[in-house]
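Reviewing the structure listed below.
What follows draws every value from the coordinates through simple rules; no lab data is involved. These numbers were taken from a predicted model, which means no experiment stands behind them. No Cβ is skipped: glycine too gets one built from the backbone with ideal geometry, and neighbour counts run over all protein chains shown.
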Amino acid sequence: MHIRFKRLSFEATLVIAVSPFGAWACSDFYAKVPNVSEALCQAAQLRPSGARSVQGRPILVRDLRPLDAHRRVLVVATMHGDELSAASVALHWLQMAQAEPVQTHWRFIPVLNPDGLMRAKPWRMNAHGVDLNRNFPTPQWQRETKIYWEKRTLKDPRRWPGPSPLSEPEAKYLFDEIVRFDPQVIVSIHAPYALLDFDGPVMPPTRLGRLYLDQVGVFPGSLGNFSGVQRGIPVVTVELPSALRTPSDADMRKMWRDLQTWMDKVLAPLDQDTQQASLGGVLPVIPKQTPAKP
Ligand SMILES: [Zn+2]
């Protein structure tokens, strides 16, 4: 009996190891996400990044690298597990990038917080109850996030920054990916505030589709603060109007087009050598004007 049990376990492990990962992701993650057909999810060909959430779920990633790519863009969504539409928009954009890569090396992480998403009732935080968007290493993290959480949010459990910067595997993975991939732009998709936020050293986009620029400020421990302000890698934060419904196909396409137009305007093409080097290096970003950020 014992031997038989062991054999079953082995077979189960084997099946997981050899099955197409997209199928697994599509049945488990994306069945929860609005406006994503199984075909769209399968076509995304998501792969395990190697990183796992607190509860051991793989964080999935997809790279699209056309031969003529001259810039690197990282798209991350559903950092907050209850923002279901964000993962969907990432998958729709991934489909558009597959059809028309626009000389960009894309890296998509449609669900950074799978544990929050996969709860019976999805929630914002990860499985430790941490708001991942307050867990990034910004100056005076211990002091600043504590003051902010206690005084500004009145200890809102939905905004707990965690015990220390990068204490959470999901935030640590994104941090590592930013270091490895060295993107010129990060697009972070959220909901439901219906606006566009921006942190970084270049001219911000004024609109993406129906979303208009409305810079909401800098928060201790946030991705925008860490990447855009501290590291100088622009972060475009897309706040969709609804966490449960995606914009229309036409709206998603218009947002996608506006993103390209903005990138064409503010990003210098990487030369071949820089494009090959994925670590470190000077950011090839041309500041066009003084940033509007206070
Ligand atoms: Zn959010």
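Centroid-to-centroid, using Cα positions, the range 44-74 and the range 223-250 are 18 Å apart.
Rounded to the nearest 20, the Cβ-based charge dipole of the range 23-276 about its Cα centre (Lys and Arg +1, Asp and Glu -1) stands at 540 debye. What pairs in K32/K146; K146/K172; K32/K254 have C-alpha atoms more than 31 Å from each other? Over 31 Å apart, Cα to Cα: K32/K146. For the peptides 143-154, 40-51, the ranking by mean Cβ contacts within 10 Å, running from highest to lowest, is 40-51, 143-154.
For the peptides 77-83, 253-259, the ranking by mean Cβ contacts within 10 Å, running from highest to lowest, is 77-83, 253-259.
Spin-label model, L154/T206: points 7 Å from Cα along the beta carbon direction are separated by 3.9 nm. If the Kirkwood radius is taken over C-alpha pairs of the range 148-268, then at 37 °C and 0.692 mPa s the Stokes-Einstein diffusion coefficient equals 211 µm²/s.
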